[in-house]
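Any read-out appearing in this document is the output of simple, stated calculations on the displayed coordinates, not a laboratory observation. Predicted model, so just to flag it, every value in this text is computed and none were measured. Please note: Cβ atoms are built from the backbone with ideal geometry, for glycine as well, and neighbour counts cover all protein chains shown.
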Amino acid sequence: MNRPEIAKKGIFEACVLSNKQIRQCYYCLNLQLDAKGSDLFSDVIPGQFLELDTSSISLPGISDIPDHLKDSSQRSVLLRRPFSFSDVTVTQDLNGTSVKVQILYCVLGPASVRMMNLRRNDTVSVLGPLGNGFSIPDELSRAVLIAGGMGSPPILHLAGYLKEHYPKCEVVSFVGAKSSDDFPFSTRIDNSEGFVLEEFDRIRVPAHIATDNGSAGYQGFVTDLAGNWLENNKIDFASTAIFACGPEPMLAATASLAEHLELLCQVSMERMMACGIGLCQSCAVEAKTTSTDTHYHLCCKDGPVFDANDVVWQGK
Ligand SMILES: Cc1cc2nc3c(=O)[nH]c(=O)nc-3n(C[C@H](O)[C@H](O)[C@H](O)COP(=O)(O)OP(=O)(O)OC[C@H]3O[C@@H](n4cnc5c(N)ncnc54)[C@H](O)[C@@H]3O)c2cc1C
Ligand code: FES
């Protein structure tokens, strides 16, 4: 894969601009990076990620912690936690570069429960930018984005990035979740368009919806919805590529779809990570070699974005 040159990484402070609940367990955190962070993040690309140190954030009051997390959230959080960005805003003025980063997060354990408690003007320690992001082929004229569950934030970032930097490229997205309540976005029901994801609507990227239980959009797998669309639309396969992020079974199905249609496909694999910088080997991804052997890449350092063809998918 033709990788853009990646900026250096570092540890720096970010100031909380806002931290709002979107729905149920989903929150939107906006951070203003300090001068060092802004410099490091000025060239960040979708698919890269950061790690937050949540160890100094206090727990919310016990009544604000979801019942099912009251016990597990008491665990200590020594390790930083990885998060993708759903949006990055870079501005230049006489004082230099200023970068704001948006994170959409799901509350499901001790670190994310602490993040619920972040207030405007709090500071948090950030390590980043980490990993390799999506690589956009020069000849791309249509990008098909496929997202599942908490894999959606970097796909939203990619959608906005393509609209801004590749205005001639047509961008279409397919977003799946368990039910209509499980999208990490603001939603509305529109008379003509049906169930709408506001964040995609705002950047004018069509989002086709799939839910496991049929409570919104197509009932079934988001990869089947995308597959039907690709089969039914006359597309120039040579200049179309798929970009995906979500649970691994969804990524494996996306890889099969791309192989069947002979489309380029990049997947972002959000493996469990401990160090995030290539030291602990906890995030190994089995990859093909030119022979029948396989070898291992580190998801945090060599990924999280991989060419779908390079990955050895479980069960294939
Ligand atoms: C590159 C990358 C990007 C990510 N981007 C986002 C994002 O944009 N928004 C977001 O909400 N989360 C994202 N995650 C997942 C996020 O890192 C975890 O949700 C977070 O670490 C949970 O910490 P915790 O202490 O709250 O819960 P933990 O106690 O650490 O985990 C709670 C539960 O979630 C499971 N879990 C944790 N991390 C993962 C994972 N990576 N894959 C599958 N299951 C997991 C654990 O097994 C456990 O059952 C990303 C992960 C990676 C590797
Ligand atoms: S998370 Fe430690 S090597 Fe990848």
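A straight chain from Q21 to R120 at 0.36 nm per residue would run longer than the Cα-Cα distance by 34.3 nm. For the listed peptides 180-193, 122-135, 61-74, a ranking on the average number of other beta carbons within 10 Å per residue, highest first, reads 122-135, 180-193, 61-74.
Spin-label model, E193/K288: points 7 Å from Cα along the beta carbon direction are separated by 3.8 nm. Charging the Cβ of each Asp and Glu at -1 and of each Lys and Arg at +1, and nothing else, the dipole of the range 10-130 about its Cα centre rounds to 340 debye.
Each Cα pair under 8 Å and six or more residues apart adds its sequence gap; the mean of these over the residue count of the chain is a relative contact order of 18 percent. Here the residues H208, H260, ranked from fewest to most Cβ neighbours within 10 Å of their Cβ, fall in the order H260, H208. Within the range 206-281, report the GluC sites (Glu not before Pro) that DSSP leaves as loop and that have at most 10 other Cβ atoms within 10 Å. Answer in residue order: E262.
Computed across the range 131-254, the Kirkwood hydrodynamic radius from all distinct Cα-Cα pairs reaches 14.6 Å.
For the chain, the longest principal axis of the C-alpha atoms and the axis of helix 152-165 are separated by about 70°.
Given the Cα atoms of the chain, and with Rh set as the inverse mean 1/r over their pairs in the Kirkwood sense, what is Rg to Rh to two decimals?
Result for the chain is an Rg/Rh of 0.95.
The long axis of helix 222-232 is offset from the longest Cα principal axis of the chain by roughly 30 degrees.
Would you be so kind as to identify which of S72, Y166, L145 lies farthest towards the positive end of the dipole of the range 54-170, taking Lys and Arg as +1 and Asp and Glu as -1 on Cβ and the Cα centre as origin? Highest projection toward the positive end goes to S72. Calculated FRET efficiency, S215 to F237, Cβ-Cβ distance, R0 = 25 Å: about 0.15 to the nearest 0.05. Note on L79 and D307: their simple-model spin labels are 3.0 nm apart, each label 7 Å out from Cα toward Cβ.
Based on the Cβ-Cβ distance from R202 to K36, what FRET efficiency comes out when R0 is 25 Å, to the nearest 0.05? Efficiency, from the Cβ-Cβ distance: 0.25.
Taking the Cα centre of the range 124-239 as reference, the dipole from Cβ charges on Lys and Arg (+1) and Asp and Glu (-1) amounts to some 160 debye.
Site pair D181 and E13 shows an inter-label distance of 4.0 nm when each label is modelled 7 Å from Cα along Cα→Cβ.
Arranged by the count of other C-beta atoms within 10 angstrom, fewest first, what order do V285, V171 take?
V285, V171
Of all DSSP bridge pairs formed entirely within the range 225-316, close to 65 percent run antiparallel. Compared with the dominant Cα axis of the chain, that is its longest principal axis, helix 248-261 is turned about 30°. Write down the percent of antiparallel bridges among all DSSP beta bridges whose residues are both part of the chain, to the nearest 5. Roughly 65 percent of the DSSP beta bridges within the chain come out antiparallel.
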